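One structure below.
The values are calculated or read from the model by the stated rules, or taken from the named source; none is laboratory data. If you're wondering where the values come from, they're calculated on a predicted model, not measured in any experiment. Cβ: placed from backbone, ideal geometry, glycine included. Neighbour counts: every protein chain shown.
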Amino acid sequence: MNPHSVIVMSPSKRKTQSDKRVRIIDASVEVFAEKGFRSARISDIAKVANVADGTIYLYFKNKDDLLLTIFEEKMEGLLAELNEALSGEEDPISKMRIYAREHFRRLVADPQLAQVFQVELRQSHKFLREYRPEKLWKYLAVFRRLVEDGQKMGQIRPDRDPFLLQWAFFGALDEISIQWVLSRGRPRFNLEQAAEQIVEVFLSGMAVNQQQN
């Protein structure tokens, strides 16, 4: 064989590889949610994905790599859905309400992914210590820009720091999300009401019309 020749992969083979990768990622979400990240084995994931154990290592280095890939790719999808939901609204405060509702809507739409995001990611030393969650920062930045837009329009107090508010707001959403995920087996609280109340609490401290003299 000519060492300089180029091997061209057929479209059908590329699709097969892509399908396998998607199956592995989806199976990982299912297994991590059911067994927990630390207890899950590569063989468990391979069984659910209907591939050989070794096939997984063609696409991913280890369980941590799989977990971070789930975060990267699913977070990208969540960000796209959030931006789409916000695109039809102009008012920053109305967008904040949509932001909170969309965040919780995804919990209900995919409980297994919610389990992975809210609980299992925190079991990964690599995620907590080494990983730079840039997709998460982009997700938070959406809210920061809403605060900045609100300040420009005179709706939000100018002495409020948008960077601090993005983290405080996300922290409230995240903690409620954790409690919702962990409430399996017990009656779960109404996330639609939770979204509204969280926004109202924040507006009471940052909206101009709520400022106390």
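Just a few scattered comments:
- Qualifying residue in segment 81-104 (condition: in contact with a Leu (Cβ under 9 Å, 6 or more places away or on another chain) and assigned to a loop (DSSP other than H, G, I, E, B)): no
- Within segment 155-166, residues that are within 15 Å of ILE93 (Cβ to Cβ) sit with their Cβ atoms under 8 Å from residues that are assigned to a loop (DSSP other than H, G, I, E, B), at 6+ positions apart or across chains, in these pairs: ARG157/GLN211.
- Of LEU107, LEU79, all but one fail to be crowded, with 17+ Cβ neighbours inside 10 Å, under 22 Å from ILE178 (Cα atoms), assigned by TED's automatic domain parsing to the domain that holds ASN190 and in contact (Cβ under 8 Å) with a residue 60 or more places away in the chain; the exception is LEU107.
- Filtering segment 45-62 to residues that are surrounded by 14 or more Cβ atoms within 10 Å (Cβ to Cβ) and within 21 Å of GLN118 (Cα to Cα) leaves only ILE45.
- Scan of segment 127-147 for residues that are surrounded by fewer than 17 Cβ atoms within 10 Å (Cβ to Cβ) and over 19 Å from HIS103 (Cα atoms), ordered by number: LEU128, ARG129, GLU130, ARG132
- Counted residues, segment 40-76 - those being free of Cβ contacts under 8 Å to residues at least 24 places away in the same chain and among the acidic types (Asp, Glu): 3
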